[in-house]
Amino acid sequence: MKVLKFGGTSVGSPERIRHVANLIRQSGRNIVVLSAMSGTTNTLVEIADYLYKRNIPGAQDTINQLRAKYQGVVDELYSSDDTKARISDKLERTFQVLTHFTNCEFTAAEEKEILACGELISTTLMQGYFEEIGVRSVLIPALEYMRTGEGGEPDMKYISTRLNRLLALEPDAEVWLTQGYICRNAYGEIDNLRRGGSDYSASLIGAVLNVEEIQIWTDIDGMHTGDPRIVQHTRPVKQLHFEEAAELAYFGAKILHPTCVLPAKLHNIPVRLLNTLDPEAQGTVIANFPPDGTIKAVAAKDNITAIKIKSGRMLLAYGFLHKVFETFNRFNTAIDMMATSEVGVSVTIDNTQHLAAIVDELKHFGTVSVDSDMVIVCIVGNINSDSNSRFCAQAVEALEDIPVRMISYGGSNYNISMLIRACDKQRALNKLNEHLFEQNHG
């Protein structure tokens, strides 16, 4: 058994839904995880925003627009009038739930219920299509088994027990269909695994069932050497170690959600990234491959802020770094990169919610300067083995005419990170792709 996850663009139109259904039929008896149709979650966020502002007409108008959109999908997707009527009735119940929130107090709890509607709609549409073409599919509602504990982490024991029980009730199914992203929290309330969480759902399901493989289907043929939207002449990466994939996902590779990697890694389950639009493409396989001594890809993380604390009192002083890190910890702000010297320390953050308070606190320890609009460029591969000293030199050489604010090397065996200005991002990524991949591979 495998877990197949299809993202929002993969089910973004009636034509795409038909295409995905055909791919699923050809793949055997598997569990299929669906995201909301592309654009739907953004619309649901817009509805919630209107409700927070108590702009009821704005919310109702947006709900009606979404209702009309899906009625058009139903009319185009199904050929049978009976199926159209039945699925329209199911969808209308969801839209009545959305409308209900225009008449009650609106809080974060209600927002999460609204955000869950996208996946509920997409699985309803897919199951309806399977029924029309004669495929025995069984819908396993994620809200009946996917749960987080009090700390917000997945309750793996609960998920395993409940999911296995639900699957056992339908042993003759050709396809088990479920929602990604949505769950319940420790108190039984509807919650979610945050944006991009459908990848996480698929990985958690694969882990508790110990499946053969987890497949993530998107609209690109695997992880590329660079972001093909802004880098010329990228190529797919055939194989990645789990650690390499985690670095790329965290530092900006949009094809894979960062949280997806850990459950699969812990249970040693391969993750395969595939292209819905080109199913025959090889894609990328992520597994515990032995190190091959190569650079695999380059990713970039945007919206980075660099903070430098300079103080003569740091010289030979114990506890200085502890005080600095304690400040960030107190404001629940994670640090991405760090560089130190005898008289200063520089760090980067991607969450500026408490920036002003952090800077004010750090001024007790020294002179503080802040650089905004920065980007972390991450070069990923088996970087820090004894035989790979040339990799750092190659990366620096590629950026010889681009100002580099910080370099992090040695903290991980799988990446070199460089901090540059956002205005230099596109040029830097193209130079690295040309220097590290095109020259070496013709």
So the carbon and sulfur contribution to the accessible area of the chain, 1.4 Å probe, in percent, is 47 percent
State, to one decimal in nm², a quarter of the convex hull surface area for the C-alpha atoms of the chain, i.e. the direction-averaged projected area. 23.9 nm²
log10 I(q)/I(0) for segment 37-112, Debye formula on C-alpha points only (no solvent), q = 0.16, 0.20, 0.26 Å⁻¹, two decimals, reads -0.60, -0.85, -1.20
What size of dipole, in debye to the nearest 20, comes out for segment 42-129 about its Cα centre when the only charges are +1 on Lys and Arg C-beta atoms and -1 on Asp and Glu C-beta atoms? 40 debye
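Could you rank the peptides 264-271, 116-123 by their average count of other C-beta atoms within 10 Å per residue, with the highest value first?
116-123, 264-271
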Using alpha carbon centroids, what distance separates segment 160-219 and segment 276-294, in Å? 23 Å
If you take all C-alpha pairs in segment 1-59, what percent of them are over 20 Å apart? 43 percent
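Between residue 18 and residue 331, what length in nm is gained on full extension when 0.36 nm per residue of separation is reduced by their alpha carbon distance? Don't jump to the answer; show the numbers that get you there.
Working: separation 313, 0.36 × 313 = 112.68 nm, distance 4.78 nm.
Length gained between residue 18 and residue 331: 107.9 nm.
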Set 2/157; 53/301; 308/425; 310/425, cut-off 23 Å on Cα-Cα distance; pairs above it are 53/301; 310/425
How big is the charge dipole of segment 49-193 about its Cα centre, in debye rounded to the nearest 20, if each Lys and Arg gets +1 on its Cβ and each Asp and Glu gets -1 on its Cβ? 160 debye
With a 1.4 Å probe and all protein chains kept in place, how much accessible area does residue 423 have, in Å² rounded to the nearest 10? 100 Å²
Estimated distance in nm for a label pair at residue 401 and residue 278, the labels positioned 7 Å out from Cα along Cα-to-Cβ: 3.2 nm
With every protein chain kept in place and ligands, DNA and RNA left out, what is the accessible area per residue of the chain? Probe 1.4 Å, answer in Å². 46 Å²
Work from the charge dipole of the chain (Cβ charges, +1 for Lys and Arg, -1 for Asp and Glu, about the Cα centre) and give the residue of 328, 382, 422 farthest towards its positive end. 328
For segment 355-374 and segment 64-134, what is the separation of their C-alpha centers, rounded to whole Å? 48 Å
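The values are calculated or read from the model by the stated rules, or taken from the named source; none is laboratory data. Here the structure is a predicted model, which means the values were calculated and not measured. So basically every Cβ, Gly included, is an ideal-geometry build from the backbone, and we count neighbours across all protein chains shown. Heads up: the accessible areas ignore ligands, DNA and RNA and are worked out on the full protein's heavy atoms, side chains in. Shrake-Rupley method; radii C 1.70, N 1.55, O 1.52, S 1.80 Å.
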